[in-house]
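Below is one structure, written out as structure tokens; the observations come after it.
The values are calculated or read from the model by the stated rules, or taken from the named source; none is laboratory data. Note that the coordinates shown come from a computational prediction; the quantities given were computed from them, not determined experimentally. Cβ: placed from backbone, ideal geometry, glycine included. Neighbour counts: every protein chain shown. Heavy atoms of the whole protein, side chains included, go into the accessibility calculation; ligands, DNA and RNA do not. Shrake-Rupley method; radii C 1.70, N 1.55, O 1.52, S 1.80 Å.
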Amino acid sequence: MANYQVPRGTQDVFGKEMTKWHVLEELIRNLCYVYGYDEIRTPEFEHTEVFHRENDSSDVVNKEMYTFTDRGERSLTLRPEGTAGLIRSYVENKLYAHPDLPQKFYYVGPCFRYERPQKGRMRIHHQFGVEVIGEKSPLIDAEVILLGIDLITRLGIQDTKVLINTLGDKASRAAYRDALKEHFAPSVHELCGDCQRRYEQNPLRILDCKVDAGHPALVSAPEIHAFLNQESKDYFDAVTRILTSSGIQVEISDRLVRGLDYYSHTVFEVVSVNKEMGSQATIFGGGRYDELVEYFGGPSHSGIGFGMGIERLLVALDAEGIDISDEEPADVYVVSLGKEMLESAFQLAAMCRAGGYRTELDYTGRSFKAQFKSVDRKGAKVVLMVGESEIKENNVVVKNIATQEQLTLSTDQLIHQLDHWLDENHVCEHEH
Ligand SMILES: [Zn+2]
Ligand SMILES: [Zn+2]
């Protein structure tokens, strides 16, 4: 039997819910404008190797990707996250050669992951992300985190905490990795299958395992901070210091390693502490990457970014009782006094729309009463009425709902009258 329902883990967005997306997207664009971050759009699918890099241990890459062979026998993957494709683009388009570094980007678009769907975790989810590439400075790490916090603060979200950790530079991480291998060697056979793979590929990620979280070997695992060299320590101290002096309370979380393998130095998560968020509490998270640009064939540029799930953010807003929906009323409703007036009403509506006014009209010649019910429901501020005598004289009756003022005008005066009633910025250049 045909299945005409949305696929599992996907949803339709419409009506009031859609207006929330518009409000969010506009806020994102304004905020990124203020911070000087430019939008970048990369394809929704890429060659599989863009995401599936050598020796990657992450679940996202190993278990959750939508990979398919196209009609040209290419292996393509729907992007599971925003960073890899953006870095591919940064290298392919030689954006690293720009005289002003770092380059600062943002994106908003869908990501695809084959996961068990939950509230705030969809198989198609939309991500707002930023990436700042080409320079390395604790100021940049702090700025990226502050930009994300700025957005959720402007939305009114309050129940959050900022978790931050460092994975150190390559040398620190190598030392830590050796220590973890030694530490887990006697118990690795007791850990889950994923951890056995992680043990070989990236033992840091064992610390992240939800299945083995309570295992004594995880509880007693050494902490990264004992293996950091001075440079890595200084870098991390600077990031936390700048955040603190910017008024952000941070919590250093030793076990935070994030779900992707390419991170070094700063990793962070801003999580909701609202009870209704349950296990899907991360509002945004990200980190610095030192080797990704080189991996794609570019120079040794470092970058940092975060991803924020729009659907998850909307759940967080609901959890805190914040309603950002925004249903715009109509400016004008054109009422026809009889079926014969429909086409004249249609032309008047076109005129109002050309003047920039959000205009509704009756399409089928319903009763006067039914049309006025629509006027109410649409919240129209001005009603135009067209009857036989008005059409003959090229006139229209206009009524301002708020003031109840009603005028009969020639149609060439119509837009000017609407400007008077509806446009606060209207400056009149002549007497009337
Ligand atoms: Zn495990
Ligand atoms: Zn005027």
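Scanning the stretch 62-85 for residues that are free of Cβ contacts under 8 Å to residues at least 60 places away in the same chain and either open to solvent by less than 10 Å² (accessible area, probe 1.4 Å) or among the hydrophobic types (A, V, I, L, M, F, W, C) (or both) yields a total of 7.
Inspect all residues belonging to the stretch 247-254 and state whether any of them is exposed (fewer than 15 other Cβ atoms within 10 Å of the Cβ), more than 16 Å from ligand 2 (Cβ to nearest atom), in contact (Cβ under 8 Å) with a residue 24 or more places away in the chain and not assigned by TED's automatic domain parsing to the domain that holds Ser137. No: the stretch 247-254 contains no residue that is exposed (fewer than 15 other Cβ atoms within 10 Å of the Cβ), more than 16 Å from ligand 2 (Cβ to nearest atom), in contact (Cβ under 8 Å) with a residue 24 or more places away in the chain and not assigned by TED's automatic domain parsing to the domain that holds Ser137. I'd like to know if the stretch 279-298 contains one or more residues that are polar (S, T, N, Q), modelled with pLDDT under 95, open to solvent by less than 40 Å² (accessible area, probe 1.4 Å) and not in a strand (DSSP E or B). Yes.
From the list Val398, Val427, pick out the single residue that is in the same structural domain as Gly379 (by TED's automatic domain parsing), away from ligand 1 (no atom under 16 Å from the Cβ) and either modelled with pLDDT under 95 or under 21 Å from Gly379 (Cβ atoms) (or both). If you could, list the steps in order and put the result at the bottom.
Working: Val427 fails: in the same structural domain as Gly379 (by TED's automatic domain parsing).
Answer to the selection: Val398.
Taken over the stretch 120-153, the criterion of being touching a helix residue (DSSP H, G or I) at 6+ places or on another chain (Cβ under 6 Å) and open to solvent by 40 Å² or more (accessible area, probe 1.4 Å) is satisfied by His126 alone. Once the stretch 371-383 is narrowed to residues that are farther than 18 Å from Leu418 by Cα and surrounded by 13 or more Cβ atoms within 10 Å (Cβ to Cβ), the residue that is nearest to the chain's Cα centre (by Cα) is Ser374. The combined condition, being more than 30 Å from Glu231 (Cα to Cα), within 23 Å of the chain's Cα centre (by Cα) and open to solvent by less than 10 Å² (accessible area, probe 1.4 Å), is not fulfilled by Gly156.
When you go through Arg88, Arg8 one by one, which is the residue that is outside the structural domain of His301 (by TED's automatic domain parsing), under 23 Å from the mean Cα position of the chain (by Cα), open to solvent by 40 Å² or more (accessible area, probe 1.4 Å) and among the basic types (Lys, Arg)? None of the other options fit; the residue is Arg8. Screening Pro216 on (1) open to solvent by less than 30 Å² (accessible area, probe 1.4 Å); (2) more than 11 Å from ligand 1 (Cβ to nearest atom); (3) free of Cβ contacts under 8 Å to residues at least 60 places away in the same chain shows it passes everything except condition (1).
Within the bounds of the stretch 331-338, is there any residue that is in a helix (DSSP H, G or I) and closer than 30 Å to Asp423 by Cα?
Applying the first criterion (in a helix (DSSP H, G or I)) to the stretch 331-338 yields none.
Scanning the stretch 331-338, I find no residue that is in a helix (DSSP H, G or I) and closer than 30 Å to Asp423 by Cα, so the answer is no.
Checked against (1) of a type in the set (Asp, Glu); (2) under 18 Å from Arg121 (Cβ atoms); (3) in contact with a Ser or Thr (Cβ under 7 Å, 6 or more places away or on another chain); (4) in a helix (DSSP H, G or I), Glu276 passes all but a single condition, namely (3).
Considering only the stretch 365-432, give the helices (runs of 4 or more DSSP H) lying wholly within it that have at least 2 residues that are on the phi < 0 side of the Ramachandran plot and within 16 Å of ligand 2 (Cβ to nearest atom). Walk me through how you get there before you give the answer.
Values: elements: 368-378, 388-392, 414-422.
The qualifying helices (runs of 4 or more DSSP H) are 414-422.
Take Gln196 and tell me if it is open to solvent by 50 Å² or more (accessible area, probe 1.4 Å) and either away from ligand 1 (no atom under 16 Å from the Cβ) or of a type in the set (Gly, Ala, Ser) (or both).
No: the conditions fail for Gln196.
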